[in-house]
Amino acid sequence: MQSVSNPPSMKQAGAANRNAGGQKGTFLELFVEPYQGAFYMLIPKEWKTEGGMVPSGVAWNRVDLVESNIRFRATSPDGKAFFGWFPKFYFYDPQLVAQSSGGILTPAAGSVHNGFWLYPYLTIPQFVEKVVFGQLAAKEFENPRLLGGFHESPELRVWLPASVTQAQCGYVDFECVIKGAAMRGRIYAILSNLGAGAWSNAATFGWLAAKDRWQETSRLMEHCIRTFKLNPEWVRRAASAEMRRANQMRNLESKLAAEDAKMQREHLAHSTDSQNEFYKVLTGQMETRDPQTGQERWAPAYNRAYTDGSGNYYLTDEQGNLPIENNPAWHQMQIINRNEAR
């Protein structure tokens, strides 16, 4: 993201946007993000604002750990136009999850795994259709469809961290219906490929207006969007907070990895194929040889084997009660007797 000098004063902003007498125009006023003072921009006077630098509201969103997630909207007084930012997320290719788990996990696109939203690295039009239309605005935008093709916007690369080498920056135009009204809009997206199957929407923002007035209103909203600046003081605080929270992220990743391993163990414990393999080992027999007579024979590895059907087993040569009391899930397994087949 781009940071610049400190924000102008409210007096300066008002003076910069004062209309000359009798001329048609729009008053703009300085908006300073109310929760952390994280960013500032100009918005049309009397437009309603909501959100700011606030968590996305999704518990698994990793970005929220460093409190640097923009979720903001400014809406015209009549509600027929608005512009704003969608939250940022991290994504991961679901095919790599399947590969790394040896085929045990086969997550569907759009599901969540270890704090990542599972989608392969998408083009910007695909991202808008699958993530923005299909997820983020699915309950608001009715019958959305893209207009024309994808338009590159290289100037948006200033939003990207210096470490990112592969990215897409640009926008698509679209139409939709909101509460019965025909609307036209534009979505800007900056997608950064982080490597090893991970990627992120570094920023997703845009505008939407009633179709019968989109040309004039979009010009105003585009201007406001371009006045957006991060407060450099907040940038310094956020960088410090991110370092302090690095341990929290590592702890979270360790916890998620442990839960993932537990899930895989439970999957194996209840898998018929894996249980059959365990049974062969635990209830099978091993070849023995009498050192005095030289006689060879097959003998049970253990005289008795028990399981609770959930990946836990108990092996013994003794008769009597099990050490697991009052648990009807435990039952004895059948011993394979190879001697009978010889």
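Derivation of every value follows stated rules applied to the coordinates shown; laboratory data play no part. As the structure is a computational prediction, the values presented were derived from the model and not from experiment. With ideal geometry, Cβ positions are generated from the backbone for all residues, glycine too; neighbour counts draw on all protein chains shown.
With the alpha-carbon atoms as the only input, what is the per residue convex hull volume for segment 30-263 in Å³?
Working: hull volume 30.8 nm³, N = 234.
Given the Cα convex hull of segment 30-263, per-residue volume reads 132 Å³.
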Round to the nearest 0.05 the FRET efficiency obtained for Glu318 and Asn251 when R0 = 45 Å and r is the Cβ-Cβ distance.
0.55
Hey, got the Cα dimensions of segment 115-219 along the principal axes, in Å, largest first?
44, 28, 21
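Please work out how much length the chain gains when fully extended from Lys211 to Thr165, using 0.36 nm per residue of separation minus the C-alpha to C-alpha distance, in nm with one decimal.
Working: separation 46, 0.36 × 46 = 16.56 nm, distance 3.76 nm.
Length gained between Lys211 and Thr165: 12.8 nm.
So how do Leu208, Leu147, Leu315 line up by other beta-carbon neighbours within 10 Å, fewest first?
Details: Leu208 27, Leu147 11, Leu315 14.
Lowest count first: Leu147, Leu315, Leu208.
Calculate, in nm to one decimal, what Lys179 and Ser111 gain on full extension: separation in residues at 0.36 nm each, minus their alpha carbon distance. Mind showing how you got there, number by number?
Working: separation 68, 0.36 × 68 = 24.48 nm, distance 2.84 nm.
That works out to 21.6 nm of additional length.
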Once you place label points 7 Å from the Cα toward the Cβ at Glu242 and Ser153, how far apart are they in nm?
2.2 nm
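Rank by packing, highest mean first: peptides 54-60, 180-186, with packing defined as the count of other Cβ atoms within 10 Å averaged across residues. Let's see the in-between values first.
Working: 54-60: 14.7, 180-186: 17.1.
Result, highest mean first: 180-186, 54-60.
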